[in-house]
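Notes follow the structure.
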Amino acid sequence: MKFSFNTNYSAEELDFLTKNNCEILSELKLSRVGFTEIPQRMIKYCGTYVAEISDEEGLSWAVLSKSRTGAYIFTSCYSDLPSMAEGL
């Protein structure tokens, strides 16, 4: 499954991404997905893929991981990029 992402970020977010040498992804192809959320934006932070998803609490940043069955899932949700950096 191929996902295309929004690459628009606020000045504050761009500052964070630049300081942390993050890569902004415009698209990503995943073979097996085990999530129902639609990722809106995605970055690569220190080798970890992190997506902005919409969940019951609103928008959050979630780590893209692989489950034991080999499907990609979202784990470890964070409210904003600084919280995500602190949590990882």
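Laboratory data are not the source of any read-out in this text; all were calculated from the coordinates shown. Computed from a prediction, not measured in an experiment: that's the story for all the values here. All Cβ positions, even for glycine, are placed from backbone atoms using ideal geometry, and neighbour counts span all protein chains on display.
The table for this structure:
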quantity: Selection within region 42-88 - more than 15 Å from Leu25 (Cα to Cα) and assigned to a loop (DSSP other than H, G, I, E, B); calculated: Glu56, Glu57, Ser67, Arg68, Thr69, Gly70, Ala71, Ser79, Asp80, Leu88
quantity: Whichever residue in region 39-84 is touching a residue at least 24 places away in the same chain (Cβ under 8 Å), in contact with a strand residue (DSSP E or B) (Cβ under 9 Å, 6 or more places away or on another chain) and β-branched (Val, Ile, Thr) and, among such residues, is surrounded by the fewest Cβ atoms within 10 Å (Cβ to Cβ); calculated: Thr48
quantity: Failed item in (1) in a loop (DSSP other than H, G, I, E, B); (2) at positive phi; (3) not aromatic (Phe, Trp, Tyr), with Pro39 passing the rest; calculated: (2)
quantity: Test result for Ser76, on the phi > 0 side of the Ramachandran plot and hydroxyl-bearing (Ser, Thr, Tyr); calculated: yes
